[in-house]
1. So, taking all protein chains as they sit and a 1.4 Å probe, how much accessible area belongs to His818, in Å² rounded to tens?
2. Would you mind checking the range 244-280 for residues with the amide N under 16 Å from a putative spin-label position 7 Å along Cα→C-beta of Gln233?
3. Before rounding to the nearest 500, sum -39500 (n - 2.57) across all DSSP H runs of length at least 4 in the chain and divide by the residue total; then give [θ] at 222 nm in deg cm²/dmol.
4. Between the alpha-carbon centers of the range 776-800 and the range 478-510, tell me the distance in whole angstrom.
5. Please identify the chymotrypsin sites (Phe, Trp or Tyr not before Pro) of the range 154-183 that satisfy two criteria: DSSP loop assignment and at most 16 other Cβ atoms within 10 Å. Which are they?
6. By per-residue mean of other Cβ atoms within 10 Å, what is the highest-first order of 432-439, 762-769?
7. Specify the inter-centroid distance of the range 369-397 and the range 748-765, based on alpha-carbon positions, in whole Å.
8. Long-range amide H contacts for Val265: which residues qualify at under 5 Å (H placed 1.01 Å from N, peptide plane, sequence gap of 5 or more or a different chain)?
Amino acid sequence: MVSTAAFAAGSQRERISIDSDWRFIKADSPDVGSNQLSYRAIRDWLLPTGNPFTTNTPAVRPDGEPGRTNYLFTQPDFDDASWQQLNLPHDWAIEGPFNQDFSGSTGKLPWWGIAWYRKHLEIPTSDAGRKIYLDIDGAMAYAAVWCNGKFVGGWPYGYSSWQVDLTPFLNFGGDNVIAIRLDNPPNSSRWYPGGGIYRNVWLEKTAPVHIAHWGTYVTTPEITQDSATVKIQASVDNDSDAGASVSIENEIYELNTDGSRGKSVGAIFASGVAIAAHGSQSSETQVSIPDPRLWSLEHPDRYVVVTSVTQDGALADRYETPFGVRTIQFTATNGFLLNGKRVEIQGVCDHHDLGALGAAINERALERQIEILKSFGCNAIRTSHNPPAPELLDLCDRMGILVMDESFDCWVNNKTRNDYHLLFNDWHERDFRAELERDRNHPSIILWSIGNEISEQTHIRQFGIAEDLVSIAHQEDPTRPTTAACNHTEAGYNGFENIVDVFGYNYKPFLYANFRDRNPAIALFGSETASTISSRGEYFFPVSTNKAGGMEDFQVSSYDLYAPPWATTPDAEFAGEDENPAVAGQFVWTGFDYLGEPTPYDRDTTNLLKFSDPAQQAAMDKELADHGKMTVPSRSSYFGIVDLAGFPKDRFYLYQAHWRPDFPMAHILPHWNWPNRIGQITPVDVYTSGDEAELFLNGKSLGRKTKGQYEYRIVWNDVKYEPGTLKVVAYKNGKPWANDEVKTTGAPAKLLAKADRNRITANGNDLSYITVTVADKHGLQVPLSDNHIKFSITGPGEIVVTDNGNPTSFESFQAPEHDAFNGLVLVIVRAKAGHPGKITLTAESDGLKPITIHIRGV
């Protein structure tokens, strides 16, 4: 027999990515009956009997009959050679095709249905005696896991991260087959949820005595300029048949910007921690570190606790927990304080899809999004309306972004027929505790949101649900406040406002002063704001000042004046905060356009719509007359400050002007190609961080204007169009500050290409985002150009997707060709894993000079 000490010495923790080489089929096992594994049956079948975060349920069919779980697709000897071979993360729906008959609210893509994934795993004999876990960061949805034909467990909520114990089912020293069944119910989401195992999957190997799943919790209860007290709670599991006595050492290191360890700054040791067989024991220690480096937006410095568990003199486990030293406080009178200093929350809400990449997580895609957000002054993200991918929180920690971590879009009252309300009663505590325990060590998180626009905010008899969720959050993490995104006015005075720690109003800048008067001791912020809608590069005339105007050709004018009935312009939200400086800030709906919810074109319409092309207008009018409705092709949102491809809209510069007041900038809209408007009024707006500006048309001054109080743009409403150059010179404090100009262009003549990065890692995951521009002979982007562009690639790389940001386009994202939308197309290129070298991308279009660009995989 191998002694425990000898075994432990060679069995430290391993965390291994198993994303590669899976088999996939979009179908159900042929021997599954129609109701046998329905998502409602799976919901009940997966209810854990023990540890709520490591599920092992008896192998019982959902109808209660014991025994048979050996469905064909779960069997080790089943031949899956005909199934699709792929790597995770994977979103089965993003490949489409788009279908006009599908709902626009979920992107007109086929995201619902049943699918299976299978993978072969070799587990060496040397692992015998270890614990082997399968960790899944997210699978959409109602996931059930089999190992070697035996049911293991699973999790129904598609946004949760979870773990199952494979150990009892494995063949050590042989082949093993993991089979995972997913069931994405129709009518279960209000936006595009994606489908599949869309986040990363890991194999985790530990000794029987080990740190529990998400088993460390690090806080900093006391911070001064000279020192910081670090409190470390570590939970250790003993999955052996005998009791154990262990020692626990926690050593703290500085973390370098690249994630590597720096110098050691403190250590604490605890011995004689007794753990019963198949039990768990927590240890709490604290240590002081000198001259702490505080985590802030400008300097997101971090540390890491390395927790070592020693049993019988041998190292059994080592576990790392990154964390940050910082203080947060929401105040009723001075907003949000980070490290004792007021920080205005300049945040955005974002759904989880990554545009043309779909819901499948990619770290570089997330990093690029954050880079773009930071460039216009954004400093916070709300994870609307679900727990995020772990990679997003890691990036926010490293890049200095605040996070409002949200849990649910509904509670017991539903918004769609098959949404989370089916799970809430049995699963909300498991899901919420899983989110809290997974995420609570991230310094970027400043708020736990218990729900979004839940109807229970107005049902006083259901306030107990909110009280329960707040209590869970306080149990798991008393260091951060709770909130909820409230869209009903009465939630601010019916008692709901007293349940959460910080009150969030959606789209209520005009109620901030009233709330302050009613609730002088409650901190307040805009939990969801603006919902202004626009299409990049589209402008319609005459310019309507009615927020319901500006709509044509299934697009929305980019004068940034238009919004749904419940929503407002950015200017109104800015004014609401400036008039009420105690408000902590806002989260704009949204940072990026996203798949689904294409308001105002979110359903087929029975109203006449306006089209610029007379032939299209006649065709649409006839469709409406013949069928009583007009089919709407929109498949992605118009809410974003940035479009689906990551190209800035005009609104990007309006936020940049307000959120980065010390950054010299000016931006003119619209473009200046209007051959049919010569001599007609064509209003000009200027967004600038300056306080006044002078506009020139072909060298002639059209006047110098100053921003008034609570004004955030400078407008010339009486400009008559003539071709040429429109230029603005902005001033600040009377001195020249910034300038911008737009010119009338010639016809499309050539293509230009620019990569966000010309060197990428050849690991099969890193991406280069290449913007291709339709330009005239002088290199100016040609507005409204829609040339069809074809792409080819040579070298050790591949075209992943293409996009143009057009919310009405049904072109395949995976096709190596795409129409331009108002002069721009995006191509995403990936270097092949393990194959460094020069990658050459060529873009071609009939009648235009092609362009070639080089990327190097390293």
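The values are calculated or read from the model by the stated rules, or taken from the named source; none is laboratory data. These figures come from a predicted structure and were not determined experimentally. Heads up, the Cβs are rebuilt from the backbone with ideal geometry, glycines too, and the neighbour counts pull from every protein chain shown. SASA here: full protein model, heavy atoms, side chains in, ligands and nucleic acids out. Shrake-Rupley method; radii C 1.70, N 1.55, O 1.52, S 1.80 Å.
1. Result for His818: roughly 0 Å² accessible.
2. 280, by backbone N distance to the label point.
3. Numbers: 10 runs with 110 residues, N = 858.
Mean residue ellipticity, 222 nm, calculated: -4000 deg cm²/dmol.
4. After rounding, the separation between the Cα centres reads 47 Å.
5. Those satisfying the criteria are Phe172.
6. 432-439, 762-769
7. Here the answer is 23 Å between Cα centres.
8. Placed amide hydrogens put Ile252, Tyr253, Glu254 under 5 Å from Val265.
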